[in-house]
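Report on the following structure.
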Amino acid sequence: MTLVSSLVILAVISLTLTDTDTRSVLIGGIAASAGSAIAFYFSSQSADKAREDILNATFGRETVPNLVDKTFLDATKSIASSALTLTVRTPDKPTDDMLVDSQTPVAGVQLPKGSPVSVDLKTPPAAGPA
């Protein structure tokens, strides 16, 4: 905006010149500069949008599934069917029958593909007498 305003002021000043050749050159240069500035402004906005579209198509986003109260085995299968990765915070040596106690980030969040989902596991409750 400042560039275009400055060019308009320069055009007005050039009209006070008595040399017609210099005035013509200045007005032509002003018109070309204003056109270039406007073209650059609009092309940079569409280039940003195009770049965003390419990144989303290449890397994409994935919705985090709900893993809470699933067994570690089921949580592993659920994450394996997505483009996310599963990391276990606790315990150090998980077993397939352990239950997911909590997860970060929570279910429903959109993450870039390949992002980790961290879980804390707990020992399942002991089966009582029948």
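Miscellaneous remarks
- Among the residues of the range 117-130, the one identified as open to solvent by 30 Å² or more (accessible area, probe 1.4 Å) and at pLDDT 95 or above is Asp120.
- Hits in the range 88-97 (condition: open to solvent by 80 Å² or more (accessible area, probe 1.4 Å) and part of a strand (DSSP E or B)): Arg89
- The range 6-43, residues that are touching a residue at least 24 places away in the same chain (Cβ under 8 Å) and of a type outside the set (Val, Ile, Thr): Leu7, Ser33, Ala34, Ala37
- Subset tally (residues that are surrounded by 16 or more Cβ atoms within 10 Å (Cβ to Cβ), of a type in the set (D, E, K, R) and over 26 Å from the mean Cα position of the chain (by Cα)) for the range 62-87: 1
- Note on the range 98-111: residues that are aliphatic (A, V, I, L, M) and either more than 10 Å from Leu121 (Cβ to Cβ) or open to solvent by 50 Å² or more (accessible area, probe 1.4 Å) (or both) amount to 4.
The values are calculated or read from the model by the stated rules, or taken from the named source; none is laboratory data. This structure is a prediction, so every number in the text was calculated from the model and none was measured. Please note: Cβ atoms are built from the backbone with ideal geometry, for glycine as well, and neighbour counts cover all protein chains shown. The protein model used for the area step is the full one, side chains on, heavy atoms only, and it has no ligands, DNA or RNA in it. Shrake-Rupley method; radii C 1.70, N 1.55, O 1.52, S 1.80 Å.
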